[in-house]
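The values are calculated or read from the model by the stated rules, or taken from the named source; none is laboratory data. Since we're looking at a predicted model, the values are computed, not measured. Please note: Cβ atoms are built from the backbone with ideal geometry, for glycine as well, and neighbour counts cover all protein chains shown. Each accessible area value is taken on the protein alone, full model and side chains, heavy atoms only, with ligands, DNA and RNA left out. Shrake-Rupley method; radii C 1.70, N 1.55, O 1.52, S 1.80 Å.
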Amino acid sequence: MSRGASTTDSILYESAKLFAHKGFHGTTIQEIADAVGIRKPSLFHHFASKAAIARALVEYDYERSPSLQGKSELAGASPSVRLFQIIRREVTAQLTSKYDMRGLYFSALLDEPDFASWRQVHAKALADIVQVYQEGVKSGEFVDWDAHLAVEALNAIILQAVHWSANHPDMSVSNEVAEMAIRLAVSDPNRIPAIRQEADALLQRADKENKVKGGVGA
């Protein structure tokens, strides 16, 4: 962590690293304090428990994920454009994360009773994507796979970005991953460049509209 980082950020950063390498349950508060370079009482001034640290990391991820928040950036677009953008945004969120999230998503942490509400958030996000896929099947845009299995496969691709996040600085990979993933779903793979172009155009239009609104209200 940089010298200018706050103690809270340092605790989150070092905790995430330890969770990734030793697991949530295999990491002790003392190890976190030692990694940060503070005493345990000082750590407890910032976080009441190890679970509180993990919750702060999950909340950080939630704030950066439209899918976890139940939002659709391109609500009026076709299912293929929406699915492309969901994948691209989620991969980007992982690649640009300040913290190593592997210890949260590749462990039994979310199975803990204290994290039941977060399990529900994840389940709701996946259910929303299943609905998008089902709409795409109905419109003929997607292959008629079982929607739940298809979304689980797509989610596995998104989660792979968690593995890449610590060592993959090239943000262009988000587009490549989204294009590869959407290839599993679309009936006509030749449409993928057009799907990406439409998503880009709609995002640019939305960005311009938001800037105009911001200027009017300034």
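Quick look at the values:
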| item | result |
| --- | --- |
| Residue that is farthest from the chain's Cα centre (by Cα) [pool: residues in the stretch 52-89 that are among the acidic types (Asp, Glu) and open to solvent by 20 Å² or more (accessible area, probe 1.4 Å)] | GLU73 |
| The listed residue being of a type in the set (Gly, Ala, Ser) and open to solvent by less than 30 Å² (accessible area, probe 1.4 Å), out of ALA156, ALA161 | ALA161 |
| Any hit, the stretch 19-35, residues being closer than 16 Å to LEU110 by Cβ, in contact with a Phe, Trp or Tyr (Cβ under 7 Å, 6 or more places away or on another chain), crowded, with 21+ Cβ neighbours inside 10 Å and of a type in the set (A, V, I, L, M, F, W, C) | no |
| Members of the stretch 1-13 that are touching an Asp or Glu at 6+ places or on another chain (Cβ under 9 Å) and either at pLDDT 90 or above or within 19 Å of HIS45 (Cα to Cα) (or both) | TYR13 |
| Residue tally, condition in a loop (DSSP other than H, G, I, E, B), closer than 17 Å to ASN155 by Cβ and open to solvent by 30 Å² or more (accessible area, probe 1.4 Å), over the stretch 90-107 | 2 |
| Test: ARG183 is free of Cβ contacts under 8 Å to residues at least 12 places away in the same chain, in contact with a Pro (Cβ under 7 Å, 6 or more places away or on another chain) and either acidic (Asp, Glu) or open to solvent by 30 Å² or more (accessible area, probe 1.4 Å) (or both) | yes |
| Members of the stretch 135-151 that are part of a helix (DSSP H, G or I) and surrounded by fewer than 17 Cβ atoms within 10 Å (Cβ to Cβ) | LYS138, SER139, HIS148, LEU149 |
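Residue-by-condition table, conditions (1) hydrophobic (A, V, I, L, M, F, W, C); (2) in contact (Cβ under 8 Å) with a residue 60 or more places away in the chain:
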| site | (1), (2) |
| --- | --- |
| ALA5 | yes, no |
| LEU12 | yes, yes |
| LEU18 | yes, yes |
| THR28 | no, no |
| ILE32 | yes, no |
| SER42 | no, no |
| ARG88 | no, yes |
